[in-house]
Amino acid sequence: MSPALAGVLQLTALTAALALAYRPLGDYMAAVYASPKHLRIEKVIYRCIGANADAEMRWPAYLRGVLAFSAAGVLFLYLLQRVQGGLPLSLGFASISPDQAFNTAASFVTNTNWQSYSGEQAMGHVVQTAGLAVQNFVSAATGMAVAVALVRGFARSCTGDLGNFWADLVRGTIRVLVPIAVLGALVLVACGAVQNFSGIHEVGQFMGGAQQTNGGAVASQEVIKELGTNGGGYFNANSAHPFENPSAFTNLFEIFLILLIPFALTRTFGKLVGNVKQGYAVLATMGVIWLGFTALMMWTESAHGGPALQAAGAAMEGKETRFGVGASSIFSVATTLTSTGAVDAFHSSYTAFGGGIQLLGMMLGELAPGGVGSGLYGMLVMAIIAVFLAGLMVGRTPEYLGKKIGTREIKLAACYLLITPTLVLGFAAASMVLPDALGSMLNTKALGAGSHGFSEVLYAYTSGANNNGSAFAGLNANTPWYNTTIGLAMLLGRFLPMVFVLALAGALAQQQPVPQTAGTLRTEKPLFAGLLVGTILIITGLTYFPALALGPLAEGLS
């Protein structure tokens, strides 16, 4: 079977599996967030944290809950790493340095999972399970809660109430993420993923000699790493490591986990606003971009020239032979179009244009389908921009889901769009003029290293500010400058957009719905989906094209 055919068959199977899960999971999540009842275990949690789960919150109170919970998470995870040397099951690893502990704490709390360390050489079992894995759950649940709050802003009228953050956080964790993660972990263990608390031991190598390795609660962390669009691997090789991703089947299963909730949330959105066709329109927009990027990546990586690439059959550098070009391309697009950041092949080794596709996927805002929660609220903000542009063209006050998009709403949406490019381009520009930051480029003497080195820096801040977490491996990011600035980019890139999303939700929830008329733009139609795709691509292109031209485009054309 040719690699191209294998890739197409895997993509077809993946699409079919997502289609089968779309309706039941989307409906279930809608029921979870709309239910007035609390489970017994949820009531226990509310008593422990002192929360009144039945109290409605306006957007400032909802935001305070998000920020307070996340700040506590950063502090706890930072302290846990700083005292690792004295913890049981630390595997003899020392405590983490202050700048790296800050970077890692910011990374996992923001759902980024950027790693400037090798997991199997730095983190003991307690930090991995009680710290990193826990944040994989709750950071994903936080993103889902903010998305649901924005959906309630469209669904409710004349109240300003957005629900209760603590109830949304706990329900998303207990009723959605934990059950799926338990089932997914059983699948991974059955297929060969590691799940233990073994120490460091030596294993023989096929060509002779030995190397040190350690086990861990890998399968349970791997499943929530993908399901919660987190991305941080137990091992430095991430999902290219056979302990995390043993076979071609588990590789496809992990891609399915990455895309499962972000796509299904569009069904949840349609159910909560009382019009499932609106959810289908958002789904179609996400699907068109995802399939287009996947096809383009597979073509780019399979288009080979030169004797080395022809002998390999494709651009195989940095890719696992277990998976090949097709599966690696599907995986890389899924992770860079979501906020996952997991890798089953090394992104820096992709062709120049392949790396550019990965960069562009993150620069879109990771909307197709995006991170758990963040993809949906990002897409809804883009929908507001799209109806605003349509209103300018026809001279009519824009409306979306019965809510007028006025001056306040469009200013909040514009602020949301400007945050990430400011962080990415600002920090990347600063890094290119500081000698210490430039010294982190490890391949400065290689062919095309100037443009590829710039791509490495641009990729690092694009990944951090968009809460992705993947990296171009040729950059040594474990320095005080990169640990600190990427940590700041992750925190600001996660929580500043949430400020504007929740403020927007509050403004929409206060409005009285306006009735549809003959002049109302039908936002559930294919025409609007096409307008939305065009809006996303044009805004991203205008914002980032100069930077892309200096990086992957220059390298690809050299």
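The charge dipole of the range 334-419, taken about its Cα centre with unit charges on the Cβ of Lys, Arg, Asp and Glu (plus for the first two, minus for the last two), comes to roughly 440 debye.
The stretch between residue 47 and residue 8, if pulled fully straight at 0.36 nm per residue, gains 9.0 nm over its current Cα-Cα span. Each Cα pair under 8 Å and six or more residues apart adds its separation to the average, and for the chain the resulting relative contact order is 20 percent.
Relative protection proxy for 528-540, 353-365, from highest mean packing down: 353-365, 528-540 (other beta-carbon atoms within 10 angstrom).
In this simple spin-label approximation, residue 538 and residue 35 carry label points 7 Å from Cα along the Cα→Cβ vector, and these lie 4.4 nm apart. Only the Cβ atoms of Lys and Arg (+1) and of Asp and Glu (-1) were treated as charged; on that basis the dipole of the chain about its Cα centre amounts to roughly 1760 debye. Amide H to amide H, with H built 1.01 Å from N, residue 339 comes under 5 Å of 371, 372, counting only residues 5 or more places away or on other chains. Per residue, the accessible area of the range 257-308 comes to 35 Å² when a 1.4 Å probe rolls over the protein heavy atoms. Derived scalar couplings between HN and Hα for the range 396-402 equal 10, 4, x, 9, 9, 6, x Hz in order, rounded to whole Hz, by the Karplus curve 6.51 cos²θ - 1.76 cosθ + 1.60 (θ = phi - 60°), x for Gly and Pro. The residues of the range 87-219 present an accessible area of 33 Å² per residue when probed at 1.4 Å with all protein chains retained. Across the accessible surface of the range 494-558, with the other protein chains kept in place and a 1.4 Å probe, carbon and sulfur atoms take up 72 percent.
Accessible area per residue for the range 370-477 is 36 Å², calculated with a 1.4 Å probe on protein heavy atoms, without ligands, DNA or RNA.
Projecting the Cα positions of 105, 90, 139 onto the charge dipole of the range 90-176 (unit charges on Cβ atoms of Lys, Arg, Asp and Glu, taken about the Cα centre) puts 139 furthest along the positive direction. Close amide H pairs (under 5 Å, H built 1.01 Å from N) link residue 399 with 405, 521, residues at least 5 positions away or on another chain. Under 5 Å between amide hydrogens, built in the peptide plane, is the criterion, and for residue 236 it picks out 119, 120 among residues at least 5 positions away or on other chains. Only residues of the range 127-165 count here: report those whose backbone N is under 16 Å from the spot 7 Å along Cα→Cβ of residue 197, or say none. Residues 127-134 fall inside that zone. Per-residue packing, averaged as other Cβ atoms within 10 Å, sorts the ranges 256-265, 478-487 into the order 256-265, 478-487, beginning with the highest. 3J(HN,Hα) couplings calculated from phi for the range 420-435 with the Karplus curve 6.51 cos²θ - 1.76 cosθ + 1.60 (θ = phi - 60°) are, in sequence order, 5, x, 4, 5, 4, 6, x, 5, 5, 5, 4, 5, 7, 10, 9, x Hz; Gly and Pro show x. If the segment from residue 95 to residue 411 were pulled out straight at 0.36 nm per residue, it would be longer than the present Cα-Cα gap by 109.3 nm.
Per residue, the convex hull spanned by the Cα atoms of the chain amounts to 150 cubic angstrom. Candidates 420, 378, 481 compared by Cα position along the dipole of the range 367-481: farthest toward the positive end lies 378, with charges placed on Cβ. According to the calculation over all Cα-Cα pairs in the range 423-558, the P(r) per 5 Å bin from zero is 2, 9, 14, 16, 16, 12, 9, 7, 6, 5, 3, 1, 0 %. At most 14 other Cβ atoms within 10 Å plus a DSSP loop assignment makes a site exposed; report the longest stretch of the chain without any exposed trypsin sites (Lys or Arg not before Pro). Here the longest run is 38-395. Only bridges whose two residues both fall in the chain count here: according to DSSP, what percent of them are antiparallel, nearest 5? In the chain, DSSP labels about 100 percent of beta bridges as antiparallel.
Expressed as a whole percent, the accessible area of the range 44-155 that falls on carbon and sulfur atoms is 64 (1.4 Å probe).
Here the calculated FRET efficiency for residue 54 and residue 16, from their Cβ-Cβ distance with R0 = 35 Å, stands at 0.30, rounded to the nearest 0.05. In whole angstrom, the range 1-140 maps to an equivalent ellipsoid with semi-axes of 32, 30, 14, each derived as √(5λ) from the alpha carbon gyration tensor and ordered largest first. At a 1.4 Å probe radius, carbon and sulfur cover how many percent of the accessible area of the range 397-490? The computed percentage sits at 67.
The stretch between residue 249 and residue 83, if pulled fully straight at 0.36 nm per residue, gains 55.9 nm over its current Cα-Cα span.
Whole-Hz Karplus values for the range 326-335 come out as x, 5, 5, 5, 4, 5, 5, 5, 4, 7 Hz, taken residue by residue from phi with 6.51 cos²θ - 1.76 cosθ + 1.60 and θ = phi - 60°; glycine and proline positions read x.
If you take all C-alpha pairs in the range 132-280, what percent of them are over 28 Å apart? Result: 33 percent of Cα pairs exceed 28 Å.
Taking the centroid of alpha carbons for each part, the range 1-51 and the range 483-558 are 24 Å apart.
With only the Cα atoms considered, the range 44-87 has a convex hull volume of 66 Å³ per residue.
Summarising the label geometry, the points placed 7 Å from Cα in the beta-carbon direction at residue 396 and residue 190 lie 5.3 nm from one another.
The values are calculated or read from the model by the stated rules, or taken from the named source; none is laboratory data. Every value quoted in this text rests on a predicted model; they were computed, and no experiment measured them. Every residue, glycine among them, receives a Cβ derived from its backbone with ideal geometry; neighbour counts consider all protein chains shown. These accessible areas exclude ligands, DNA and RNA; they are computed on the full protein's heavy atoms, side chains included. Shrake-Rupley method; radii C 1.70, N 1.55, O 1.52, S 1.80 Å.
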